[in-house]
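Q: What follows is a structure written as structure tokens; I'll ask about it next.
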Amino acid sequence: MLLAGCVALMPAPAPLRTVAYESSQQPAKCLFVLLPGAGDPAERFRDQGFVEDLQNSNRSIDIRATDATIGYYMKGTLVDRLEADVVGPAKARGYQEIWFVGPSMGGLGSLLYSRVHSADVTGVLVIAPFLGDRDLIEEIAAAGTLKQWQAPPRVDTMSRDNYQRELWRWLQAATQGREAAPAIFLGYGTSDRLSRADSLLAEALPASHVFLTTGGHEWPVWRRVVGSFLQSPEFAAHCR
């Protein structure tokens, strides 16, 4: 009852608030959807240089920084709100590509959305994403690799009790080409407190999709990851 009361007090307003940053090249070819970490407002992406770096990349990119706070995760409405308030209107506008970028909790949200709506997402850049509790991470690590882990059966309805295992099950299937998924890119600092979990995903991805840098769980590190991604050969042909 206490947990239910706490969840009820967490804001998750509809529609999901976004801050738009338009490309100077209109109409833009790509939309970048930015999902923040826990406790960060949409404007944090501007304050930490993400918006500036995307706009200075010589790409045709519109940006939607979202106020996807923890309340949407706890109430299970994140995916629906992103679809209704961000991606749905983006598809109607006719973008050629839609990309998700998210650090920490925002990385988790980017993957949760991509699992359900993989056909609508060109790619995701997850930065030091939260991928689950320690017990599950140790279980996967004990198996040797994500590929060797004994994944549970697929579930259609995710809840607080099963979302972590279902996410890893999907990541296992997606990285082996057994289920649909957008292109997944991952970056994190080598001293990040979530690096053990993130390294399990990194091992399952092509090396060219992984961007490591020095540092911990902090915005300057995450900004360097975005810079490496924007300069990577794998992104070279996109959003031109």
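Q: Of all DSSP beta bridges located in the range 13-233, what percent are antiparallel, nearest 5?
A: Expressed as a percentage, antiparallel bridges in the range 13-233 total about 15.
Q: Taking only C-alpha pairs under 8 Å that are 6+ residues apart, what is the relative contact order of the chain in percent?
A: Result for the chain is 19 percent.
Q: Same structure, new question: Please identify the GluC sites (Glu not before Pro) of the range 118-202 that satisfy two criteria: DSSP loop assignment and at most 15 other Cβ atoms within 10 Å. Which are they?
A: Here the sparse-neighbourhood loop sites are Glu179.
Q: Taking the chain as a Gaussian network, Cα atoms linked when under 10 Å apart, which of Ala181, Ala151, Ala128 shows the biggest mean-square fluctuation?
A: Maximum among the listed residues: Ala151.
Q: Which value at 222 nm does the chain reach when only helices count, each DSSP H run of 4 or more adding -39,500 (n - 2.57), with the total divided by all residues and rounded to the nearest 500 deg cm²/dmol?
A: Taking each H run of at least 4 residues, the total per residue is -10500 deg cm²/dmol.
Q: Taking Cα centroids, how far is the range 26-99 from the range 107-180 in Å?
A: 21
Since every read-out is calculated from the coordinates, none of them should be taken as a lab result. Keep in mind the model is a prediction, meaning the values are calculated, not measured. Note that each Cβ is placed from the backbone with ideal geometry, even for glycine, and that neighbours are counted across all protein chains shown.
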